[in-house]
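The values are calculated or read from the model by the stated rules, or taken from the named source; none is laboratory data. These figures come from a predicted structure and were not determined experimentally. Please note: Cβ atoms are built from the backbone with ideal geometry, for glycine as well, and neighbour counts cover all protein chains shown. Surface areas here come from the heavy atoms of the whole protein model, side chains and all, with no ligands, DNA or RNA. Shrake-Rupley method; radii C 1.70, N 1.55, O 1.52, S 1.80 Å.
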Amino acid sequence: MDVSVCMERSGPCEVLVQLLQNATLPKPACNWTSDFIVKGFSLDNFLVNSGLSTSVSSLSSEITKKLLETLGLSPFLLENQCDQQDSPFLPNINGWNNDCPHDIVLPSLPASTRCHVGDYCTGITCCTDVDLIGRSITTSVRIDPCQYTLEVQIEKLTVNISLVDYQFGKKDHIYLFGVIRLELTENIFQDENSSIELYEIQQRNLEFSTHEIGRIIRKIPMFMNCVAKTKRCKNNYKKFTKVYYGLAWKIPVSKEDEFKFQHISNMIQENTILISKTDHAITLGHFNGCLVNGNRILTEITFHSSGIWNVTISGKKVFLDDLKISDTFELSKESVKCIIDLAKNFIICSGVDESEINNIIDLPENALRENRADTSHDSIFKYRSKNCKGVVPFQSKLNVCAVCRKFKNKNNDNDFQNDNKTLQKPCDDLPVNNNNLLQLKQFLGGFPEKAQSFLLSQTQFVNLNPHARRWDKDIIRMCLSIYCRSPRAYEDLAKSGFMVLPSKCLLQTYKNRVQHEPGIQKDILHWMKNEALAQNIGLGGYEGGIMLDEMSIQEDLELRKKGNSFEIIGFNEGLDETNYMKTLCSGKESLQLASHVLQLLFLGHTGFRFPFAHYPTTQVTPSEMLLIFWQSVKMLGLFGFTVTYVSLDGAQYNRDFMKILIDGKTSETMFSMSIKNIYDSSKPNIHVIMDYSHVMKKIRNNISKSGLLNTHKKVLKFESNHIFWEHWYKAYQWDIAVNPFKIYQQLTMEHFFLTSQSKMRNKLAEDVLNENMLHLMQCYQISLKEKGDELNSSIEFLKKTSVLTKNFRDQRPICQYSDKRLDENREVLNWFRAWEASIKQSTEIKDKEKCLLSFQTREDLTSLLVGFDEMCKDRFQRISSSIIPNRINSDVLENIFSQQRGLHNGANTNPTYLTYSRTMNTIILGEGSISRKSNTGGLSNCTTTNIYTTGTSKETCSEPCKKIRKQ
C-alpha cells in the first residue's frame, strides 16, 4: 500500500511513501453466535488465579480491566456508560419508560434493568447494571419497517438482519463472545390491513393461475412464514379465496440515501404534530409543557423549499436574528432534526408575576394578564406585553424577555396623572415679587384652599402673557365644567373682564385629552378612578351596578384624525371573539356599518356615576353581551370598583342575556336573580335587575291593549272582573266632564292616545299607574254606585302598581332589610304570582295568556322585585349602609342619550358614531358625577311620617275624593 503526492500528470511525484507491504491484518469476528473466546472459561477459576474469593461482590478497576480484556469485550464497550437515573430511562413504571402512544403490554423488569420504548414503538433500549464489574451494559433492538431490517446493538456492536427472507417464529441468538447474550423471537401479526388475497395477486399476474401462484408462494423461502387462511373474497362475498397474512404490496421508494424536502413531514418526534404540508412549505407543531389560560403553547416550525425556516409561538413570529440563529438550513435529515430539537428547547418568556409589580392598574394598555398555572395549581397570574419577544435568548439568566421586564417594579403614570403633575403647582411656589402678594396671602388665610388658589391666580395672571400662565388643576376642572355646560356662557364670562380665565383653546385641549375608543379603555377607567377620589365618594360608593342600553345611530363612514394620520371609523367594532366566530360561521371576513351604540355606565350606591365604555354594533347579541359584561366586571374590579347588580331594559336581546345569566328561569321559577362573580368569589353576588322604568311602560302597554274590540289583543281578567283600558279613559272623561276642578290635574289626552314616541316617555306610563290614578279611579267608582263593581279588578291592579311607583321613585334611603317598603314589594310580587297561578289553573278560560300580562312583562317584573330584594338583603348583611330606590334605574343612561340627541350638536335624533364618541367627554365633564336624583317623574303625593321600618305609619293622604293639587 503506497501513498504518493504528485503535482504534474507525467512528472515525478514529490512524495512517495510505502505504508504496507506483505502485511497480515487480523480478520474481525463475524460470527455473533459463538461462545467464549477462551474455551472452557470459568469465572471462579479466574478469580482464584487473581487471588480473590469466588464470593466477591465487586472487582477493582485493575481486575475488571483484566477480565474484560481476557473475554475480548474491551473494544466493544462504550466510553460513556448508560445511566438508569437519567434520560431516557426516567420516569419509569415497573422498569419501563414507555413513550409509545399506543397501548403495549409490558412485563415487570428486575431492579438491575431499565428499558425505554421510543415514540416510534418499534425499538427498545435497555440499561443493565452489572455490579461485579461496576458498570452498565447498553442493549437495544430496533425494527425498521420501511427498510425491512432488524437492528440489534450490544454496546458498540451493531448487527443488521434483513427481514426479507427472515424465518419468523424461530429463536435467534446474538452473543458478544458468549458473555453478553440477546435472545429474540419475531412473529408475524395477522393484521387485516397487512394481508393480500390470492385473487388480487392473480389479477396483477394474469399469465399465472391461482393454483400456480399459491404453489410459488409456498416454495419461495421469503414467503414461507406467511400464514394462509381461507376467507370470503372482498369483492365477491359468495366466493372463497386464500388470504396471505404478512404480505403487502411493495411501494416504490427513492434511493436509500436521498433525502427530499417532502421527507421532512415524516420526521415527527415526541409531542410533535404535522400542521400543514404543501409543495413549498411544511409546518410542524410542538406542544411544550407551558400552559397559558389552561391551553398548551404551540410552537410552529415552518420549513420552506427555498431553504428558509421560521418559528412562531402561539401565532407570534420569533425573530431568529435576536437569538443569533441563522434562518437557513441544509436539506438533510441531520440538519432538519437539529432545527426541530433547537425549536423544542426555546426558552418561552414566562412574563412578570403579579407580586413583582407595584401598581397593576397603572400598567400600559399592551399588558396582557395570563394564568400560567399547570394542573397542580389553582392560579398563577402573570403579565406579558403584547409586544413580547416570545422567547428568551439562550445566554439569558432570566426567563423573561427584555420587553416584559419593563413591567417589573415600575410605576407607569397614566396620562391623567401626568397632566395633574404639571397642573398641580402649589400656591406657595408661585412667584412672589412684592409685599402686596404676601399681604394678600395673609388676608386670604381664612378662605377655603380652592378659593385662595383662584384669587392668587387672578392677582398673578392679570398682567401676565396668556402663554406664560400655568393654571391649577382645580381651576381647569371648574372651567371645564362650565364650558361643557354652556360654551357661550363661558365665553361671555371670560370676556366680561371680571376675572382672568383659561382660554377656550386650552380647555378644548384638556377636554379632548382622552379620545373615546370602542371597548374598555384604561385611560377612561383611570379618569373614573381619579374622579371617584376627587369626589370622596367613600368605600360604599365603589359598590354599584352596571347599566346597559343601546342607542341607534346613523350608519356612516367618517375620517378621524389621529396623530399625523387619519382613520376610518363607523364600522361594527365588537369583541374580537365575536368577529372570529362570525368569520368561522360565514367562511369570510366582512365589515358592517354600525347602526347602534351599546353604552355601559357604572352607577354606585352613593350616586357616583360614570360612563366607562361603549361599543359600536349592529345590535349586540346576547352571547356578545355576556362577554362584554364579564369583561367589564373584571376591569372594574382591577380599579377597585365592585359590581353588585346589572340593570337592563326589556328588549329581547337583553332578556335573552338575562336568561343566560340565570339559566333560563321563567317568572314561575325566578326565586333568585343572583349569580356568582366568576373573577373573584370573595366579592358579593351580582344581582340581575330589570329596569323599573321599562317595566312600568310594559305594564301600561299591556293594559292599553286590553278590551273587547277587535283591535285589542288582550282581555285582562282578575277574579270575576276584567281590567280594561276603557276604565282608565272613562275615569278621565268623568273627571273633566263632572268636576269643575279636576281631581287629577296632570292627566291629559296624551296619556290615552299613545303614539310610538309617547310610548317611550316614562312619565306618561307612571302617571296612569300611580296613587293619583288610583285615587281618581276610586272616586269614579263611587260615582257609578251599583255599577261600580266592574272596576274592582282595575282598582285592585292600581293598588299594586301604585306601590311600585311610590317605592321605586322614593328618594329616602332604605337602611335595613326590615324596611316596610321591601315588605310591600314582596306583597306585590305575591299578588302577581297568585294572579298568574289562578288563571293557569282555571278550567273555564281557554286562552289563558290573553287574560294575563305578557310573559315577558311577568318575567321582567319578577326580575325587578326579586333582584332588588336580594340586593338589599345581601348588602345589609355585609355592611351597615343604605340604598336609595329611585337610583336603581337606567334613567342616567337615558339622560346621556338625550344629551347626545338634543343638548349637544343641535337637535340631531340620529347622530353618527364620530359625533357620539366626541360628545362623550362633554357629557362627562358637563354633568355632575354624583347623581342627585332620578329622572323624570315626581315624588309620591302621599308621604309617611315614619322612616318606613316595620310597624304602623301615619298616612297624610285624606279621604278618597280629595282633590290633588298640582305640585
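Would you check if Leu774 is open to solvent by 20 Å² or more (accessible area, probe 1.4 Å), touching a helix residue (DSSP H, G or I) at 6+ places or on another chain (Cβ under 8 Å) and of a type in the set (A, V, I, L, M, F, W, C)? Judged against the criteria, Leu774 is a match. The set of residues in segment 524-533 being open to solvent by 40 Å² or more (accessible area, probe 1.4 Å) and closer than 23 Å to Tyr615 by Cβ consists of Lys529 alone. Considered as a group, the residues in segment 825-846 that are free of Cβ contacts under 8 Å to residues at least 40 places away in the same chain and outside any helix (DSSP H, G or I) include one that is nearest to Asp810 (Cα to Cα), and that residue is Ser842. Only one entry in Asn512, Asn536 is touching a residue at least 24 places away in the same chain (Cβ under 8 Å), surrounded by fewer than 17 Cβ atoms within 10 Å (Cβ to Cβ) and not hydrophobic (A, V, I, L, M, F, W, C), namely Asn512.
Restricting segment 552-567 to residues that are out of contact with any Lys or Arg (no Cβ under 8 Å at 6 or more places or on another chain) and under 18 Å from Gly519 (Cβ atoms) leaves a set whose member that is most open to solvent (accessible area, probe 1.4 Å) is Lys562.
Is it true that Ser314 is at pLDDT below 85, hydroxyl-bearing (Ser, Thr, Tyr) and at positive phi? Here the answer is yes, as Ser314 does meet what is asked. The single condition among (1) of a type outside the set (D, E, K, R); (2) modelled with pLDDT under 85; (3) within 32 Å of the chain's Cα centre (by Cα) that Ser276 does not meet is (2).
Mind listing just one residue for me: the one in segment 568-590 that is of a type in the set (S, T, N, Q) and free of Cβ contacts under 8 Å to residues at least 24 places away in the same chain and, of those, surrounded by the most Cβ atoms within 10 Å (Cβ to Cβ)? Here the residue is Asn579.
Taking the listed residues Thr617, Thr642, the one that is touching a helix residue (DSSP H, G or I) at 6+ places or on another chain (Cβ under 7 Å), polar (S, T, N, Q), within 28 Å of Ile924 (Cα to Cα) and touching a residue at least 60 places away in the same chain (Cβ under 8 Å) is Thr642, with no other qualifying. When Gln269, Gln262 are screened for being in contact with a helix residue (DSSP H, G or I) (Cβ under 7 Å, 6 or more places away or on another chain) and not in a strand (DSSP E or B), only Gln269 passes. Against the condition open to solvent by 10 Å² or more (accessible area, probe 1.4 Å) and over 52 Å from the mean Cα position of the chain (by Cα), how does Glu719 come out, does it pass? Spelling it out, it is not the case that Glu719 is open to solvent by 10 Å² or more (accessible area, probe 1.4 Å) and over 52 Å from the mean Cα position of the chain (by Cα).
Does Lys634 fit the bill of being over 30 Å from Thr509 (Cβ atoms) and either in contact with a strand residue (DSSP E or B) (Cβ under 8 Å, 6 or more places away or on another chain) or open to solvent by 50 Å² or more (accessible area, probe 1.4 Å) (or both)?
Working: over 30 Å from Thr509 (Cβ atoms): yes; either in contact with a strand residue (DSSP E or B) (Cβ under 8 Å, 6 or more places away or on another chain) or open to solvent by 50 Å² or more (accessible area, probe 1.4 Å) (or both): yes.
So Lys634 passes the test.
Looking for whichever is out of contact with any Leu (no Cβ under 9 Å at 6 or more places or on another chain), closer than 28 Å to Glu62 by Cα and in the same structural domain as Ser55 (by the TED database) here; the options are Asp99, Asp86, Asp103. Which one fits? Give the derivation first.
Working: Asp99 fails: closer than 28 Å to Glu62 by Cα; Asp103 fails: closer than 28 Å to Glu62 by Cα.
Step by step, each of Asp99, Asp86, Asp103 is checked, and only Asp86 is out of contact with any Leu (no Cβ under 9 Å at 6 or more places or on another chain), closer than 28 Å to Glu62 by Cα and in the same structural domain as Ser55 (by the TED database).
Among the residues of segment 749-791, those identified as outside any helix (DSSP H, G or I) and among the β-branched types (Val, Ile, Thr) are Thr755, Val768. Screening segment 333-447 for helices (runs of 4 or more DSSP H) wholly inside it with 3 or more residues that are open to solvent by 20 Å² or more (accessible area, probe 1.4 Å) and modelled with pLDDT of 80 or more returns the ranges 333-344.
Would you say Val597 is open to solvent by less than 10 Å² (accessible area, probe 1.4 Å) and part of a strand (DSSP E or B)? It is true that Val597 is open to solvent by less than 10 Å² (accessible area, probe 1.4 Å) and part of a strand (DSSP E or B). Pairs linking a residue in segment 44-68 that is among the charged types (D, E, K, R) to a residue that is exposed (fewer than 14 other Cβ atoms within 10 Å of the Cβ), with Cβ atoms under 6 Å and 6 or more positions apart or on different chains, are Asp44/Thr54.
Of all residues in segment 295-322, those satisfying the criterion of being open to solvent by 60 Å² or more (accessible area, probe 1.4 Å), over 15 Å from Cys349 (Cα atoms) and not in a strand (DSSP E or B) are Ser305, Ser306, Asp321. Lys850 meets each of the listed conditions (1) in contact with a strand residue (DSSP E or B) (Cβ under 8 Å, 6 or more places away or on another chain); (2) open to solvent by 30 Å² or more (accessible area, probe 1.4 Å); (3) farther than 21 Å from Asn702 by Cα apart from (3). If you go through segment 453-466 one residue at a time, do you hit one that is surrounded by fewer than 18 Cβ atoms within 10 Å (Cβ to Cβ), free of Cβ contacts under 8 Å to residues at least 12 places away in the same chain and either in a helix (DSSP H, G or I) or of a type in the set (Lys, Arg) (or both)? Taking every residue of segment 453-466 in turn, none turns out to be surrounded by fewer than 18 Cβ atoms within 10 Å (Cβ to Cβ), free of Cβ contacts under 8 Å to residues at least 12 places away in the same chain and either in a helix (DSSP H, G or I) or of a type in the set (Lys, Arg) (or both). Regarding segment 729-737, can at least one residue be identified that is open to solvent by less than 30 Å² (accessible area, probe 1.4 Å) and part of a loop (DSSP other than H, G, I, E, B)? No.
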